[in-house]
1. How far is it, in nm, from the label point at residue B:129 to the one at residue A:9 when both lie 7 Å from their Cα along the line to the Cβ?
2. Considering only the label points, 7 Å along Cα→Cβ from Cα, what distances in nm to one decimal separate residue B:167 from the same position in each other copy, shortest first?
3. Tell me the relative contact order for chain B as a rounded percent, counting alpha carbon contacts under 8 Å between residues six or more apart.
4. Going 7 Å from the Cα of residue A:167 along its beta-carbon direction, which residues of the stretch A:103-139 have the amide nitrogen within less than 17 Å of the resulting point?
5. On average, how many beta carbons from a partner chain sit within 10 Å of the beta carbon of a residue in B:62-70?
6. So how far apart, in nm, are the two label points at residue B:291 and residue B:323 if each is 7 Å from Cα heading toward Cβ?
7. Can you give the average number of partner chain beta-carbon atoms within 10 Å of each beta-carbon in peptide A:306-317, as a whole number?
8. Output the peptides B:32-45, B:113-126 sorted from most to least packed, where packing is the average of other Cβ atoms within 10 Å over each peptide's residues.
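Values in this text are rule-based calculations from the coordinates and carry no lab data. Here the structure is a predicted model, which means the values were calculated and not measured. Positions of Cβ are generated from backbone atoms using ideal geometry, with glycine treated the same way; all protein chains shown enter the neighbour counts.
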């Protein structure tokens, strides 16, 4: 299979089971992509990620552009060699990060000029230089530079973001030079169905190898997010991968798979892992809670990860209360496994035509709040910065 | 071999090659013990420590007493089960930590009352309850509560610390109830040879299974430390293990092995690992230095650790400049390997009767400062708090 081939192996209701073949290997979908913003999934090694069953990781153009910069990564022989990860990498285009800078950027049809959040230095992203950067990194999937708006937004803002996202996607497509790096377009349009349709229609005309649903998880309600993700997914071609950006939680992933989405990324599992919030398939735990101080069970009973096979809640709770580095490491590892295992189980359920029962069983098991148990994670990006794992 | 047996396998000059048999396994000496103050070697798992060749780790009575406390560790089945480390553990008695509290403690022959640095709560250590605590943890080696003085100290202060250390060691010996936990005594006496002789003589009369050299690395010069370690080691019985507390660096370890010391602990490799200081056998590197930004070599050429087998200086340098958690993890791992490998090579050199050549070769290779290369680490405990890995 040549890079970019997407084979749909099974469907069950709206849920899809596919294989996306990329330059560094296959990605079995539905797939969750751990976030490695700065060329590292925080606290974890590539060997850890392989153990966890991660097939592909996401990194961020914006952050890598500023630090360490392209020359350093090129000197290492590309991003894979620099971070020692030999499976696929997808990079976000930096559009989302730059637009969250707000007062520190200036935008026109040519591109966007911005000041670094690190040192105030001036930079410019154009559709062309962002494609060139991602191709120079040697990544498997590059995202086109897009215009994301914070919700709620006015109709004019949304229409303008769709127009410019289309213009930039065209120029991004023209800028491609490297066959091993696939270019995905990003559908915008806020919560406006007509704008979502226009954006999808414009981008589909470019015949890109994959499409993302952008501009969600940026302040809207969960209901709006679910409704719009489902609406937009249905606009996208069935024979190409669909990627919902910035999702998920256990619940959001299930809903989006049900809507026919194939790929996901989110900082939620790793950020929670650093903050003492343990994901489980029955709800999240605040591991610092006193009820866990002498709890000899694993974080999640039945979990197959090395953290759960080795350590107790009592020990992980101690590590967080003592502010010990090992706590975030062990919990990030477990949290990623929860989502990667959820996708693995989802793939099996779709193949075996029992998707609806699987989905409903997991959704029914998500616990309401009880002592020591937090609400299942909500859509976390009230602040758009939250979507960078920094 | 029963717990406590110490077999001296070879000597070469003053250097000794032995095997200390403990309840959880053998310790081949000379041995470096990674420090796991709060029931964790910061950032690393027991599996990492086994990969590194760690035979025994040190943890701290003072810290464990305060957090998580004995009941939590007993509920897990002891310290080994709590932290999931199945090889030997030695715990410090807490004497050193309590005396560094200075204004927050009151001392008499009965024991020492102190306020927690965490929450101000009041506690008391006595020789008896410190032995009972360590035995309840189930550790392989317990240290007797001792009285450490900060240097420089007056002759009266030193004499009084020796007198009370002896009194407490006698009471510690009488308090023993558990054969699997060996009790080591700690020789005090500051920089006064007569007081060191008195302390050693007093403690040797108790016929303990091992002896430590305490009260060094607490503010004195390196020359004084080396001289007094050598003087004190020679006072200790040849058929029992000798442990120099709070050392080392590459240089200090070599000098102390040469003086006939068998065991060591120090926070230096892990603290440096968190702060971007890479240990190598030819001197330390400040990995944040710009000279390393595109350096494609491993941290230390020839090092057999997984960090060096996998990552470049450029990548580790990036991780530290981006304040990424993976940096301290990878560098702590490497730094421990440097000292554990040094001890492994020292053991082989002693066995093969080429100790002097080995020692002189490594000492000659320790580089003076040059660009991007820091001075080989000095005795780090100008502040006694520095000896806790917190």
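1. 6.2 nm
2. 8.6
3. Working: 810 pairs, mean separation 71.4, N = 390.
About 18 percent, as a whole number.
4. Hits in the stretch A:103-139 for residue A:167 at 17 Å: A:106-114, A:125-130.
5. Numbers: counts 0, 1, 2, 0, 1, 3, 9, 2, 0.
Mean shielding count: 2.
6. About 2.7 nm, to one decimal.
7. Values: counts 2, 1, 0, 1, 4, 5, 5, 0, 6, 10, 0, 2.
Partner Cβ neighbours, averaged per residue: 3.
8. Details: B:32-45: 25.9, B:113-126: 14.4.
Highest-to-lowest ranking by the protection proxy: B:32-45, B:113-126.
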